[in-house]
Amino acid sequence: MRRTATALLAVLLTTGCAAEATGSGNAPTTQPSAASAPAIAATLPWGSTAGVKGANGSLLMATPTGVFYWRGTGDVRPHTKWFLAVAIRVASTTAPDHVPSLGDGGGFSWKGDGQTVNRIQGNTSAVPWSGNVPTVTDTDIQPENSVVYVETFDVPAAGGVLVYTDTAGQQAQWDLPPRTLGKGLRDVIAYTRR
């Protein structure tokens, strides 16, 4: 009996399945293997640094540093409720790499209010800082260097979650403050006051 139990445990461990005892005498239930279930990223506190994979597969360190909410002015209005600018410091560690593009299925997005929004959705090209502040490009960041990018989203609500997705679909997530704060957005704010 002991040999059978040991063999069963070895099979469960090698297939990546976890068994959960119920305590009621029922048979254990198995959870999906890691290979079949997508990883769900824990949501990090605002301002935390996360190690993420760049487009070339190297380690990047990403840290959100500032948020700015703007309702627009005149003819420049969001399609939903807010223009949200997020400053993110991205540092390369061991090899030249960059944030994946939307075309590669990666990069930064906003999640909240039951939807996910990327940087080209909505009216983001109309904001006055468009083309005037550093945005994510396919230019590699050299090892031990960093760049502060500004990602702009047209979002229906303040707050939500900033999401980084690598080309393999793995994610890092940060809670977004529901009000303007932090650093890295001085130029963005200045363009709204011209």
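Things to note:
- Qualifying positions in the stretch 178-188 - closer than 16 Å to PHE108 by Cβ and either surrounded by 17 or more Cβ atoms within 10 Å (Cβ to Cβ) or touching a helix residue (DSSP H, G or I) at 6+ places or on another chain (Cβ under 9 Å) (or both): GLY184, LEU185, VAL188
- Per-region count, the stretch 72-94, residues open to solvent by 70 Å² or more (accessible area, probe 1.4 Å) and part of a strand (DSSP E or B): 2
- Test result for THR65, open to solvent by less than 60 Å² (accessible area, probe 1.4 Å), polar (S, T, N, Q) and under 16 Å from VAL136 (Cα atoms): yes
- A single entry from THR139, THR152 fulfils the requirement of being exposed (fewer than 15 other Cβ atoms within 10 Å of the Cβ) and either β-branched (Val, Ile, Thr) or touching a His at 6+ places or on another chain (Cβ under 8 Å) (or both): THR139.
- The one condition from (1) open to solvent by less than 60 Å² (accessible area, probe 1.4 Å); (2) over 22 Å from TRP46 (Cα atoms) that GLY160 does not meet is (2).
- Residues that are hydrophobic (A, V, I, L, M, F, W, C), at pLDDT 95 or above and either in contact with a helix residue (DSSP H, G or I) (Cβ under 6 Å, 6 or more places away or on another chain) or open to solvent by 20 Å² or more (accessible area, probe 1.4 Å) (or both), drawn from the stretch 97-119: none
The values are calculated or read from the model by the stated rules, or taken from the named source; none is laboratory data. Since we're looking at a predicted model, the values are computed, not measured. Glycine also receives a Cβ, built like all others from the backbone with ideal geometry; neighbour counts cover every protein chain displayed. In case anyone asks, the SASA skips ligands and DNA or RNA and just uses the protein heavy atoms, side chains included. Shrake-Rupley method; radii C 1.70, N 1.55, O 1.52, S 1.80 Å.
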